[in-house]
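Notes to accompany the following structure.
The values are calculated or read from the model by the stated rules, or taken from the named source; none is laboratory data. All values derive from a computational prediction rather than experimental measurement. Note: ideal-geometry Cβ built from the backbone for every residue, glycine included; neighbour counts use all protein chains shown.
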Amino acid sequence: MSTIVADLDFDKLLEAESITRETVTYIKDQVYSAIENREAFDKKAEALKAELSKTRDSAKQKDLTLLVGICDWIAGRSKGASDLLKEVKSRKIGAYYLGKCCQETGDYKQALECFERAMRTDAEDFEVSMDIAETKRMAGDPDGALGAVKRFSQTHDNNAEFHYQFAHCLDDLGMYSEAFSHYERALQINPEHAGALFRMAFNYDMDGDEDMAIEYYERCVKLKPAYKNAVINLGLLYEDKGEFDDAVYCYESVLDAEPINDRASLFLKDAKESLSMYYDEEVSKRQGKESEVLNIPISDFELSVRSKNCLERMNIHTLKDLTRITEADLLSFKNFGETSLNEIKLVLAQKGLRLGQALENGEESEIFANESDLVGESTMTSDIGLSTRCKNALWKIGIETVDDLVKKTENELLQQGVKQNYIDEAKECLAKLGRSLQTNEEGELGQEEDGEEQ
């Protein structure tokens, strides 16, 4: 239940002599729980800034600088907050929130120095230790981060943040099933842990389980403040399901908070156009989104830090860049392994793309084929209008091209675990292209041979 503005006394809460991290967390929670609270907070922050500009007392200036810096951080202005908090980093609380700002702006070395300064008199400070672990992971050191988290295995096993940080380190190390169990444990302890909800949603999204992804994203975006990327990702899933009103709402809510968000603006335009025209699901998926998808920056995906760093050093910044490089090229790069490769291939597959696709089609050709184009045997199943779930079901059993698909019978697909509704969808898409699955009679011998091998 949110606290109404009448219950909040920012004059008492924002006092330099008594302010603590717990107080700041409380203020932030309340500021984002109701618009009235945010308005009162903004008014108080402006008053503090005005007072800072007028005072000539050096001690008072330091106090006000600390408070204004913390207010800027609460309001999401990390850069401005950082400039102020550098002046008061000798204070533990000033060093701590300067560390938070540096972490958010990508200055991980400075963030670690600040967090270590903030806990110099208490090496067992759990909250700061988790910030240090998170910063190490974000800086590309998941092993070091995991070591920092494991120190609290005995004392904090019943803490949601402990299990979330543990899980995220395992995620970055490619230990996905172990990570999943820790995310689940975090949510058992605290069903409203935003980080764990987002990671569960994202992982389900990457696995093609749209319903579960939506369930977790919806839980995540109900929290205040909401994860911006969670809201955008939820909007994209709503679009895939044809729920354009809900998608528009998601994108508009992001733009309300951040009017210059380019991704939200692009997706909002597309969703609104879909609302105002006759909608054919399969054709729409191929029209209007090509350039948007190809130009999505790598930074928008929750890849491991190791993968992101390698791609950055290879000057790969967008999905389009990935379609212009081969699997062999990636693996030849120093420190780039199979785990990172599989992670990137999964991200591309969710968008109907694959490594080296632009090279196969020719640099000047379009990555996305039109439905009227001739569909050859080497055409990927992602290019014939299948739903994400259907594509994933086929990819799991090694079917990547139309040629792979048309060599199968309906019985073979069923025996390999493909659900009947996905088979019907595949047959319908093939029929539009003048193709079909083999009849059961044609594939009878192959089925017997497969059975004997098993």
- Task: Restrict the check to region 123-130 and report whether at least one residue is without any contact (Cβ under 8 Å) to a residue 12 or more places away in the chain and of a type outside the set (D, E, K, R).
- Result: yes
Those residues of region 275-300 which are in a helix (DSSP H, G or I) and either crowded, with 17+ Cβ neighbours inside 10 Å or modelled with pLDDT under 75 (or both) amount to LEU275, GLU281, GLU282, VAL283, SER284, GLU290, SER291, GLU292, VAL293, LEU294, ILE298
*asked:* Would you confirm, using the coordinates I've provided, whether ALA230 is of a type in the set (A, V, I, L, M) and crowded, with 22+ Cβ neighbours inside 10 Å?
replied: yes
### Residue within region 295-303 that is in contact (Cβ under 8 Å) with a residue 60 or more places away in the chain and not polar (S, T, N, Q) present
yes
### Task
Could you check, for region 47-63, whether at least one of its residues is modelled with pLDDT of 95 or more, under 15 Å from THR20 (Cα atoms) and over 35 Å from the mean Cα position of the chain (by Cα)?
yes
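Residue-wise test of (1) part of a helix (DSSP H, G or I); (2) in the same structural domain as GLY352 (by TED's automatic domain parsing); (3) touching a Phe, Trp or Tyr at 6+ places or on another chain (Cβ under 8 Å).
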| residue | (1), (2), (3) |
| --- | --- |
| ASN229 | yes, no, yes |
| LEU234 | yes, no, yes |
| LEU237 | yes, no, yes |
| GLY242 | no, no, yes |
| TYR251 | yes, no, yes |
| LEU255 | yes, no, no |
| ILE260 | no, no, no |
Per the list (1) touching a residue at least 40 places away in the same chain (Cβ under 8 Å); (2) within 20 Å of the chain's Cα centre (by Cα), residue check on THR323 breaks on (2)
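Checking the structure you have, find out if any residue of region 14-28 is hydroxyl-bearing (Ser, Thr, Tyr), assigned to a helix (DSSP H, G or I) and more than 31 Å from the chain's Cα centre (by Cα). Don't jump to the end; show me each part of the working.
Residues of region 14-28 that are hydroxyl-bearing (Ser, Thr, Tyr), as a first pass: 18, 20, 23, 25-26.
If we keep only those that are assigned to a helix (DSSP H, G or I) too, we end up with 23, 25-26.
From the residues that got through so far, the ones that are more than 31 Å from the chain's Cα centre (by Cα) too are none.
Within region 14-28, not a single residue is hydroxyl-bearing (Ser, Thr, Tyr), assigned to a helix (DSSP H, G or I) and more than 31 Å from the chain's Cα centre (by Cα).
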Note: among LEU330, LEU303, just one is closer than 25 Å to LEU170 by Cα, modelled with pLDDT of 75 or more and in a loop (DSSP other than H, G, I, E, B), namely LEU303
Note on region 41-59: residues loosely packed, with under 12 Cβ neighbours inside 10 Å and either touching a residue at least 24 places away in the same chain (Cβ under 8 Å) or among the polar types (S, T, N, Q) (or both) are SER53, SER58
Would you confirm, using the coordinates I've provided, whether LEU85 is part of a helix (DSSP H, G or I), touching a Phe, Trp or Tyr at 6+ places or on another chain (Cβ under 9 Å), within 22 Å of ASP131 (Cα to Cα) and of a type in the set (A, V, I, L, M)?
yes
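Condition check ((1) at pLDDT 60 or above; (2) under 36 Å from the mean Cα position of the chain (by Cα)) across all residues:
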{"position": "ARG389", "(1), (2)": "yes, yes"}
{"position": "LEU405", "(1), (2)": "yes, yes"}
{"position": "GLN420", "(1), (2)": "yes, yes"}
{"position": "SER436", "(1), (2)": "yes, no"}
{"position": "GLU444", "(1), (2)": "no, no"}
{"position": "GLU448", "(1), (2)": "no, no"}
{"position": "GLY451", "(1), (2)": "no, no"}
Residue count, region 188-199, condition buried (at least 21 other Cβ atoms within 10 Å of the Cβ) and among the aliphatic types (A, V, I, L, M), comes to 2
Of the candidates GLU161, GLU134, GLU104, GLU113, the one satisfying the condition of being surrounded by fewer than 18 Cβ atoms within 10 Å (Cβ to Cβ), in contact with a helix residue (DSSP H, G or I) (Cβ under 7 Å, 6 or more places away or on another chain) and part of a helix (DSSP H, G or I) is GLU104
Taking first residues from region 183-198 that are within 8 Å of ALA160 (Cα to Cα) and second residues anywhere that are surrounded by fewer than 15 Cβ atoms within 10 Å (Cβ to Cβ), the pairs with Cβ under 9 Å that are 6 or more apart or on different chains are ARG185/ASP157; ILE189/ASN158
Per the filter on region 224-261, residues among the polar types (S, T, N, Q) and at pLDDT below 85 are ASN261
